[in-house]
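Accompanying notes for the structure given below.
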Amino acid sequence: MTMLILPGLVDAHVHLREPGAPHKEDILSGTRAALAGGVVGILDMPNNTPPTVTADALFDKQRRFQRQAVSDYGLFLGFDGEHLDPVLRLAADAVGLKLYLDETFGDLTTREPEALARLFEAWPGPGPVAIHGESPSIAMALALARRYGQRLHVCHVPHPDDLLAIDAARQAGAEVTCEVTPHHLFLDSTALERLGPYGQMKPPLVSPDDVARFWERLDLVDAVASDHAPHSRAEKEWAQPPPGVPGLETTLPLLLGAVDEGRLSLERMQSLTHHGP
Ligand code: DOR
Ligand code: ZN
Ligand code: ZN
């Protein structure tokens, strides 16, 4: 038996469900799940109810985390296309700004070109602008990041070819980081038949060939992030199931399995789960 002592994982993309839907998860259960999975720090997304797009919402969420979290944490702000000035004033209180450029769970999709351009121009950091988007939206965000010299983080890269677009933008001088989820590395679309609604998430699972390309291009990836997104069993079994899968407790065992099989070095695993995030 081998004993490993590793630095704690940092998961840069989770959706704990508080406020708004504590029947799916609350801050205590979510941060306990993190610790159980070897994750000592999480970055939480803003698509709550109410969404984290105002000072009131951000400070309320901060107070809840201060009271209940048992892991380290950082909170993303969101942008609904309207509250630009408050969001800019809050930049130093958040780990970054999350933009939803395509539809997903929640109500935060913003596609208005002028609002996006103003945001890419004005966001002061220090955290990056992070995006949820399909491939065409990623191309648009890469162009905005280059145009305005804005630091960009591409969440849950949906397709391995997006990694090539990210690489090209980096070569052209853009400051871009990106993450891939465990479900895009360890599951493929052939699992949908078996998993039904439990295999539905955004971005969706990709073909076995594309999973292989994700692994081939893993050098271009900064972090593995779970996109931990629990829903209740009843909700998943509705006719229109919400997208999302939990992942806080499965990322580390999956990656260690890959290390054991020789598909990933232990050093690289640590860079993807600790140093990268
Ligand atoms: O599958 C997903 N679920 N993708 C997202 O972007 C949002 C998440 C959620 O909050 O349920
Ligand atoms: Zn997303
Ligand atoms: Zn997400």
Only listed residue being crowded, with 16+ Cβ neighbours inside 10 Å, part of a strand (DSSP E or B) and not hydrophobic (A, V, I, L, M, F, W, C), chosen from GLY81, GLY41: GLY41
A careful count of residues in segment 133-176 that are free of Cβ contacts under 8 Å to residues at least 60 places away in the same chain, hydrophobic (A, V, I, L, M, F, W, C), within 16 Å of ligand 3 (Cβ to nearest atom) and over 20 Å from ALA91 (Cβ atoms) gives 1
Residue, nearest to ALA212 (Cα to Cα), within segment 140-171, restricted to residues that are more than 16 Å from ligand 1 (Cβ to nearest atom) and under 18 Å from the mean Cα position of the chain (by Cα): PRO160
Determine, yes or no, whether ALA229 is of a type in the set (A, V, I, L, M), away from ligand 3 (no atom under 16 Å from the Cβ) and either surrounded by fewer than 22 Cβ atoms within 10 Å (Cβ to Cβ) or closer than 20 Å to GLY196 by Cβ (or both). no
Test result for VAL40, within 16 Å of ligand 2 (Cβ to nearest atom) and under 30 Å from PRO253 (Cα atoms): no
Are any of the residues in segment 256-265 of a type in the set (Val, Ile, Thr) and more than 20 Å from the chain's Cα centre (by Cα)? yes
Please find, among HIS231, HIS184, HIS274, the residue that is closer than 20 Å to ASP102 by Cβ, at pLDDT 95 or above and part of a helix (DSSP H, G or I). HIS184
Within segment 211-228, which residues are outside any loop (DSSP other than H, G, I, E, B) and either under 20 Å from ASP44 (Cβ atoms) or without any contact (Cβ under 8 Å) to a residue 24 or more places away in the chain (or both)? ALA212, ASP219, ALA223, VAL224, HIS228
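Can you say whether GLU175 is surrounded by fewer than 17 Cβ atoms within 10 Å (Cβ to Cβ), among the acidic types (Asp, Glu) and away from ligand 1 (no atom under 16 Å from the Cβ), as far as the supplied structure shows?
It is true that GLU175 is surrounded by fewer than 17 Cβ atoms within 10 Å (Cβ to Cβ), among the acidic types (Asp, Glu) and away from ligand 1 (no atom under 16 Å from the Cβ).
The values are calculated or read from the model by the stated rules, or taken from the named source; none is laboratory data. Here the structure is a predicted model, which is why all the values come from computation and not from measurement. Here the Cβ is made from the backbone with ideal geometry for all residues, glycine too, and neighbour counts use every protein chain on show.
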